[in-house]
Amino acid sequence: METHRLYYEDAYLTSFDARVTEVREGGWIALDRSAFYPTSGGQPYDTGRLAWDGGETRVIDVEAENGVVWHRTEQAAPLGASVRGEIDWDRRLDHMQQHAGDHMLAGAAWQLFGGVTIGLHLGRADSTIDLDMPEGRTHLTADETEALETLVNRRVMADDPIRCWFPTGAELAALPLRKKPTVERHVRVVAMGDYEMVACGGTHPRTTGQIGPIKIVSTGPARGKMRLCFVAGMRAYRYFQAAARCAEAVAAQVSAPLNDAPAALARDREEQRIQCRELEERLLTAALEALRAGRQGELYAGHLPYADPALLLRAAGELTKEGKAAALLSCPGKAGCSLVFARGKDAEADMAALLRSSGARGGGKPDMAQGSAPDGEALEKAIAAFIRGVPPRTHPAEQI
């Protein structure tokens, strides 16, 4: 016995009476009539509750099979029982807004860019539309995204009627559908204003105004097509709330009016980059002066407590411009000390072998090696070994 689907007649129906016609293992029950929407066409199922004389249960999943709507419940109702169904309205409304938002965006994307919808997914946080775009495009430009978003929100604010019906075969053949129906029997059509018409079995608001605002979150590639991510209705409202809180916080941090905050933040970041570069140059100058002052023959060595590995590399590069010079340097690191061992092109030392013999972890090549050690002992061992006479060069096959 097929289930009479009440949501086709009224998507706003939240309570109904029905009879249990079949029971399956796993808490699945079928009803003679139901307002619960089953997962279909990218739209998730409704949730809610069923109550009967002497019991009640939550509906936690809904599926359709051969015209029968099956309800998965936490506790199965008795076969033949009369039940009262209650739909979780907030979830239903959210899905109605997202699904109708999909129609608005898909129709407008087709009209503006020739994008053909090949898939829809309503997620918990946002929803996506997969579009086959002309010339294989996988993105929209910022201006195109704004144009698409503006068009659909103007249509939302027009509060145009949304009509859902089952046309006759002759009527269906004459309708200007955006795309061919995916089913041949019981084709249901959804029309919005005079600009969108497509076959669809989902639930939708009565007017476009009840969709609420629509916000495009992103566009990008997905399996060779373009994926458009969006939010609608209360999801869009919450998105705008979060964006406003973020913008207000940034404006407060840079002490600027909201509209001027991006430029003020960019100026602050540029000033910080300039200051960082100036500080790095001063630190490099100080490091080179200290290392040159403590030079031991061709060796520059020492621990730089104010440095980082990037500064060590720059200092080693400057010092080993002298062809026979070597630099054995360390600075504070996550695992104790970070090490950089380097030599000039005319020096004979094998820095990778010296790093290994010091007990440090890491590796490199004969002219440059990097690693780490738990304390300063590895640097001291490397300095002593270099002064005594460094280990011989390794065969190229043994280089790290």
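The values are calculated or read from the model by the stated rules, or taken from the named source; none is laboratory data. Treat the numbers as computed from the prediction; the structure is a model and nothing was measured. Positions of Cβ are generated from backbone atoms using ideal geometry, with glycine treated the same way; all protein chains shown enter the neighbour counts. Only protein heavy atoms, including side chains, enter the accessible area calculation; ligands, DNA and RNA are left aside. Shrake-Rupley method; radii C 1.70, N 1.55, O 1.52, S 1.80 Å.
Quick look at the numbers
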read-out	value
When residues of region 39-64 are limited to those that are in contact with a Gly (Cβ under 7 Å, 6 or more places away or on another chain) and assigned to a strand (DSSP E or B), the one surrounded by the fewest Cβ atoms within 10 Å (Cβ to Cβ)	SER40
Residue match in region 300-322 (condition: of a type in the set (Val, Ile, Thr), open to solvent by less than 50 Å² (accessible area, probe 1.4 Å) and touching a Leu at 6+ places or on another chain (Cβ under 8 Å))	no
Checklist (1) open to solvent by 20 Å² or more (accessible area, probe 1.4 Å); (2) assigned to a helix (DSSP H, G or I); (3) of a type in the set (Gly, Ala, Ser); (4) in contact with a Leu (Cβ under 8 Å, 6 or more places away or on another chain) applied to ALA378, failing item	(1)
Odd one out for GLN98, checked against (1) assigned to a helix (DSSP H, G or I); (2) farther than 19 Å from SER40 by Cα; (3) touching a helix residue (DSSP H, G or I) at 6+ places or on another chain (Cβ under 8 Å)	(2)
Enumerated strands (runs of 3 or more DSSP E) restricted to region 149-216, each holding at least 3 residues that are more than 19 Å from GLY119 (Cβ to Cβ)	162-165, 189-192
The listed residue being over 30 Å from LEU131 (Cα atoms), surrounded by 11 or more Cβ atoms within 10 Å (Cβ to Cβ) and among the hydrophobic types (A, V, I, L, M, F, W, C), out of VAL254, VAL217	VAL254
Pick from region 133-153, criterion open to solvent by 60 Å² or more (accessible area, probe 1.4 Å) and not hydrophobic (A, V, I, L, M, F, W, C), ranking: farthest from ILE214 (Cα to Cα)	GLU135
Filter result (in a loop (DSSP other than H, G, I, E, B) and among the small types (Gly, Ala, Ser)) within region 1-38	ALA11, GLY26, GLY27, ALA35
Odd one out for GLY123, checked against (1) under 26 Å from ARG92 (Cα atoms); (2) at pLDDT 95 or above; (3) of a type in the set (Gly, Ala, Ser)	(2)
